[in-house]
Amino acid sequence: KLFTVIIQQMAFTPAELYINAGDTVLWINKDMVTHNITEEATKGWSSPPLAAGQSWNMVVSKNTNYFCSLPPVMKGKLILK
């Protein structure tokens, strides 16, 4: 299954997603500035910098807290059902 997270107004929407292992999450940057998606606990993975209009997707295998490191005020969660 595909889920979409919109990056807009310096926030991830929705900030929390309840999904199953194997689902895909697509992040779309609709902000005017560049953002990324970075795993929070260990920085184990990160998207490339996403300019306005760019997107990135990932298949989810575990619960993940993530944030944008540009700036680190934006946070999101992927929660497995």
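What the table shows:
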| quantity | calculated |
| --- | --- |
| Members of segment 22-45 that are of a type outside the set (Gly, Ala, Ser) and open to solvent by 70 Å² or more (accessible area, probe 1.4 Å) | LYS30, MET32, VAL33, THR42, LYS43 |
| In segment 46-81, residue surrounded by the fewest Cβ atoms within 10 Å (Cβ to Cβ) [restricted to those that are among the hydrophobic types (A, V, I, L, M, F, W, C) and at pLDDT below 95] | VAL73 |
| Counted residues, segment 28-76 - those being in a loop (DSSP other than H, G, I, E, B) and over 15 Å from THR13 (Cβ atoms) | 25 |
| Residue pairs meeting the criteria (Cβ under 9 Å; at least 6 apart or on separate chains; first in a loop (DSSP other than H, G, I, E, B), in segment 3-26; second crowded, with 17+ Cβ neighbours inside 10 Å and of a type in the set (D, E, K, R)) | GLN9/ASP31; MET10/ASP31 |
| Matching residues in segment 31-73 - criterion: being under 16 Å from VAL5 (Cα atoms) and either basic (Lys, Arg) or in contact with a His (Cβ under 7 Å, 6 or more places away or on another chain) (or both) | LEU50, CYS68 |
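The values are calculated or read from the model by the stated rules, or taken from the named source; none is laboratory data. As the structure is a computational prediction, the values presented were derived from the model and not from experiment. Positions of Cβ are backbone-derived with ideal geometry, glycine not excepted, and every protein chain shown enters the neighbour counts. Just so you know, the surface numbers come from the protein's heavy atoms only, side chains and all, with ligands and any DNA or RNA stripped out. Shrake-Rupley method; radii C 1.70, N 1.55, O 1.52, S 1.80 Å.
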